[in-house]
Amino acid sequence: MPANLPAEAKAAWLKVMEAKTPEDKIRAMEEFLSSVPKHKGTEKLIKHIRRRIAELKREMQERREKERSIRSGARLYIAKEGDLQVAVVGPPSSGKTSLLCCLTNTTLRPDDIPFSTVEPTPSMFVEDGVYIQLVKTPSLVLDQSSDLNSITLATVRNADAVVIVVSGNTDVETVEKIFKFFEDEGVYLYPPKNYVKIERKGLGGIQVVGSGHILGGTLNDVKKLLNEYGIYHAVVYIRGSVTLDEVEEALYVERQYKPTVVVFSMGDVYTPREEVLGFLTKRDVVYHITDLRECKIEKRKLLEDLLRTTGRIRIFTKPVHSKTYIEKPIVMKAGSTVGDVAAQIHSSLLETFKYAVVWRRDLYPQRPKRVGRDYVLSDNDVVEIHA
């Protein structure tokens with residue numbers, strides 16, 4: 001994406017990074033675009049910035065108009081509810097609505113005309129006491145730019161994870177296009193091997209941290225590059241092997257990783273192609289082969305895959321004088337401790353904490369274990385806190 005921009009454009013981009021409000025960012029981005037020379041080398045950058053401006057404008061509109069109306073246009077963001085928010089994306093007629101109908105109580109019906117859904121639509125998938133908010137997005141337009149793609153992209157950026165729905169007979173070229181569309185916009189749908197993130201700081205100079213390294217460059221080259229943009233204090237996180245161009249690109253595109261599960265619809269009619277499954281397996285992307293017309297989908301496994309890929313665990317709590325635990329779990333980040341759970345329930349419970357008793361859910365009520373607040377919990381633990 002970097003295209004040997006003039007100093008004027010680099011100075012203009014610093015104003016974008018320093019802007020605090022959507023209105024200020026839009027003005028700064030428009031000023032930046034006016035300073036970018038128009039040629040083939042800048043086409044991708046210009047396209048990206050224009051899309052970000054469109055998203056910011058929709059965000060402003062959404063804030064002004066909480067209730068839908070003809071004049072307010074389509075909603076861009078869906079407020080998060082439940083334990084996780086998952087964006088459901090895919091090409092037209094891939095089975096997105098059918099998936100929601102199988103997993104939730106939605107009354108949605110598949111679109112009679114492709115691309116007629118123009119805004120995100122939420123519904124709730126409940127399994128094992130965990131509430132997963134599924135947000136169906138407008139269908140992806142893969143071969144040309146579209147405002148619908150901007151809405152889908154914004155929904156994905158806001159979500160905790162992504163479910164891609166494709167037909168069982170989808171070819172590998174289509175799957176590659178879907179992944180490339182998001183990657184071009186700074187959203188990885190699988191764990192990236194090469195990754196750069198830049199965080200500006202108030203002090204400390206330029207620091208490069210992480211397990212990666214810079215190809216054909218040094219720390220001094222990174223310092224010089226950032227100094228050209230007026231950045232003198234920042235931490236540059238690097239994973240894998242990256243070039244100076246990729247470091248520069250990180251200034252323009254905020255890279256994100258969104259854990260992804262692929263759902264193949266019509267799995268009873270079509271067997272997914274080996275090259276498609278190979279593409280997903282190579283990138284450690286989990287997939288499910290389903291028959292959505294008969295709602296044949298492993299709901300519990302889908303839930304557990306979403307929890308695992310997002311780094312979440314289920315913790316079941318048991319009141320001290322109760323014979324059994326509460327069936328609605330608390331969904332926590334993996335690595336959470338007993339103290340974290342106590343604080344989640346109520347801050348006073350952590351302050352008066354004495355000890356806790358922990359069981360494995362599949363063994364309950366046998367083999368209880370007495371632990372302290374720093375005990376690290378696992379998925380499906382049952383916790384009884386004594387204060």
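Bear in mind these aren't lab numbers, they're just calculated from the coordinates by the rules spelled out. From a predicted model like this one, the values you see are computed outputs, not experimental measurements. Counting neighbours? That spans all protein chains shown, and the Cβs are built from the backbone with ideal geometry, glycine included.
Brief remarks follow.
- Less than 5 angstrom separates the built amide H of GLU127 from those of ILE132, all sequence-distant by 5 or more or on a different chain.
- Two-site FRET efficiency, HIS233 against ASN194, from Cβ-Cβ distance with R₀ of 22 Å, rounded to 0.05: 0.35
- 5 angstrom amide H check on ARG312, placed H, neighbours 5+ away: ALA334
- TYR325, TYR257 arranged by Cβ crowding within 10 Å, fewest neighbours leading: TYR257, TYR325
- Taking the helices alone, the chain has a mean residue ellipticity at 222 nm of -10500 deg cm²/dmol, built from -39,500 (n - 2.57) per DSSP H run of at least 4 residues and averaged over all its residues.
- Between GLU59 and MET124, the FRET efficiency from the beta-carbon distance, with R0 = 22 Å, is close to 0.35.
- Each label point was placed 7 Å from the Cα along the Cα-to-Cβ direction; for GLN144 and HIS386 their separation is 7.0 nm.
- Among LYS333, LYS47, LYS180, the residue with the largest mean-square fluctuation in a Gaussian network model of the chain, with springs joining Cα atoms closer than 10 Å, is LYS47.
- Treating each Cα of the chain as an identical point scatterer and summing with the Debye formula, the log10 of I(q)/I(0) at q = 0.09 Å⁻¹ comes to -0.66.
- Residues considered: ASP171, ASP128, ASP362. Largest GNM mean-square fluctuation over the chain, using C-alpha springs under 10 Å, is found at ASP362.
- Placing a label point 7 Å from the Cα of THR324 along the Cα-to-Cβ direction, the residues of the stretch 350-375 with a backbone N closer than 17 Å are 359-366.
- Here the spin labels are modelled as points 7 Å beyond Cα on the Cα-Cβ line, and at ALA334 and ARG300 they lie 2.1 nm apart.
- Here the Gaussian network model covers the chain, with springs between Cα atoms less than 10 Å apart; of HIS39, HIS213, HIS321, HIS321 fluctuates the most.
- Qualifying GluC sites (Glu not before Pro) for the stretch 287-387 [loop in DSSP, other Cβ within 10 Å: at most 10]: GLU294, GLU327
- In the stretch 290-387, lysine pairs with alpha-carbon atoms under 19 angstrom apart (chain gap of 8 or more, or interchain): 8
- Spin-label pair ARG109/SER348, simplified geometry with 7 Å Cα→Cβ offset, distance in nm: 5.3
- For THR243 and GLU183, a Förster radius of 22 Å and the Cβ-Cβ distance give a FRET efficiency of 0.85, rounded to the nearest 0.05.
- Stretch gain in nm, segment ARG50-THR174, where the contour uses 0.36 nm per residue and the Cα spacing is subtracted: 42.1 nm
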